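The values are calculated or read from the model by the stated rules, or taken from the named source; none is laboratory data. What you are looking at is a predicted structure, and each value in this text was computed from that prediction instead of being measured. Reconstructed Cβ throughout: ideal geometry from the backbone, glycine too, with neighbour counts over all protein chains shown.
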Amino acid sequence: MKRIALLFVIAAAFWAFPIHAQQSHASDEPEQFNPGSIIIGHVTNSHSWHMFDFVDKQGVEHSVAVPLPIILINNGHLDVFSVSRFHHGHQCYKGYRLIGGGLEAEEIICVDADGQPLLDSTGAVIKPIDLSITKVPAAIMIISIILIVVVMIAKHGYKKRENQTPKGLQSLVEMLVCFVRDSIAIPMIGQAKYQKYLPYLLTLFFFIFLSNCMGLIPFFPAGANVTGCIAVTATLAVITFFITNISGNKHYWIDIFNTPGVPAWLKIFPLMPLIEVVGIFTKPIVLMIRLFANMTAGHIVVLGFVVIIFILSNTLSMGVGAAVSVFSVLFSVFISVLECLVAYIQAFVFTMLTALYIGMAVEDHHNE
């Protein structure tokens, strides 16, 4: 019964996102192939979850996507509706219009009855407060639900098979938990203090690892570049920043403002304290940039190899594109396999550096 209840929870969670095809309105002029727009459009956030395109019998191309909810606040008025009302940016709805996409970030602006942008007294386009559930937040919700379900299944396995050898999903979860505890938390923080921070480190590792893996799967409900979103990595880095500095003991702060082993004139001039203070803020920035850059770069490289096929087909001939496609597919597969390794490495590195920073902050003072 418990497993059936979990299945109902999963079904209800996915039902929250209305998964059905939304056909785009064909424009009068055919769109030109823009490789840069295609690549950037796949690795950035959007208000709908694009799945695939198809051409009907009349030769008209349609786009199939999962519509996501639009939540706007304009002049104290709340508007909630589906992004499908915009028909992929071809129509206005309730005085709003969806613009951008591809090389330009998607955003919603206020328009008049003729669809022209509304301007304020300074000539700037009026934009509502956008609280919409876009692709990345929707993916985060799905990933969080998957993690909760996996942990609940493992917990149920421990209750059912108490004092027995773990099996199935339970053994996988136990292996990863023991790895984070024995290879990251204890060596970096210490045997005496690691337990206080282990739940956060486990959450961090599992969330980043699953997000990276889901980003490699090219179809819904996966395919979102969660860790390739700078806002997500920045949020994780900020959480690490606050945990590290709030947990810091007096020796941690003394070493920052009165660095041992440094000449006195450097302390009076406050060169070293200034450098140490800057280091407090550069550490989370490094965490943020490393994860964001590595995951985004991998997706861009794979998409670049695929796009080369269409570039050569359009500029030279279909035969050249077909010949190059063999090498493009092989290189794409190779990079994808490499990304599977990077997905694990980046989760490990982010968690390990977080544990290292926390360990430096809570380390006891040792007198020589």
* Asked: Any idea which residue in region 95-111 is farthest from the chain's Cα centre (by Cα), counting only those that are in contact (Cβ under 8 Å) with a residue 40 or more places away in the chain and more than 16 Å from Trp49 (Cα to Cα)?
  -> Ile108
* Asked: Of the residues Val326, Val307, Val333, which single one is within 24 Å of the chain's Cα centre (by Cα), part of a helix (DSSP H, G or I) and without any contact (Cβ under 8 Å) to a residue 24 or more places away in the chain?
  -> Val333
* Taking Thr233, is it within 22 Å of the chain's Cα centre (by Cα) and either at pLDDT 90 or above or small (Gly, Ala, Ser) (or both)? -> yes
* **Scope region 84-94; condition of a type outside the set (Phe, Trp, Tyr) and without any contact (Cβ under 8 Å) to a residue 24 or more places away in the chain; matching residues** => Arg85, Gly89, Cys92, Lys94
* **Matching option when the condition is over 18 Å from the mean Cα position of the chain (by Cα), within 30 Å of Val238 (Cβ to Cβ) and surrounded by fewer than 20 Cβ atoms within 10 Å (Cβ to Cβ), among Ile280, Ile289** => Ile280
* Return the residue satisfying two criteria in turn: it lies in region 178-204 and is among the small types (Gly, Ala, Ser) and under 16 Å from Thr244 (Cα atoms), and of such residues it is surrounded by the fewest Cβ atoms within 10 Å (Cβ to Cβ). => Gly190
* Structure fact -> The condition of being in contact with an Asp or Glu (Cβ under 7 Å, 6 or more places away or on another chain), surrounded by 13 or more Cβ atoms within 10 Å (Cβ to Cβ) and within 25 Å of Phe52 (Cβ to Cβ) holds, among Gly228, Gly321, Gly304, Gly298, only for Gly298
* Structure fact -> Filtering helices (runs of 4 or more DSSP H) wholly in region 91-197 for at least 2 residues that are over 20 Å from Ile71 (Cα atoms) and not hydrophobic (A, V, I, L, M, F, W, C) gives 135-160, 169-180
* Which condition does Val66 not pass, out of (1) closer than 19 Å to Ser37 by Cβ; (2) at pLDDT below 85; (3) surrounded by 15 or more Cβ atoms within 10 Å (Cβ to Cβ), if it passes all the others? -> (1)
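Rundown of residues vs (1) closer than 22 Å to Ile217 by Cα; (2) β-branched (Val, Ile, Thr), yes/no style:
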{"residue": "Ile40", "(1), (2)": "yes, yes"}
{"residue": "His47", "(1), (2)": "yes, no"}
{"residue": "Val55", "(1), (2)": "no, yes"}
{"residue": "Arg85", "(1), (2)": "no, no"}
{"residue": "Arg97", "(1), (2)": "no, no"}
{"residue": "Leu103", "(1), (2)": "no, no"}
{"residue": "Glu106", "(1), (2)": "no, no"}
{"residue": "Leu118", "(1), (2)": "no, no"}
{"residue": "Thr122", "(1), (2)": "no, yes"}
* Residue check, Ile309 of a type in the set (A, V, I, L, M), in contact with a helix residue (DSSP H, G or I) (Cβ under 8 Å, 6 or more places away or on another chain) and assigned by TED's automatic domain parsing to the domain that holds Tyr197 -> yes
* Asked: Which residues, taken from region 209-245, are in contact with a Leu (Cβ under 7 Å, 6 or more places away or on another chain) and of a type in the set (Val, Ile, Thr)?
  -> Thr227, Thr233, Thr240
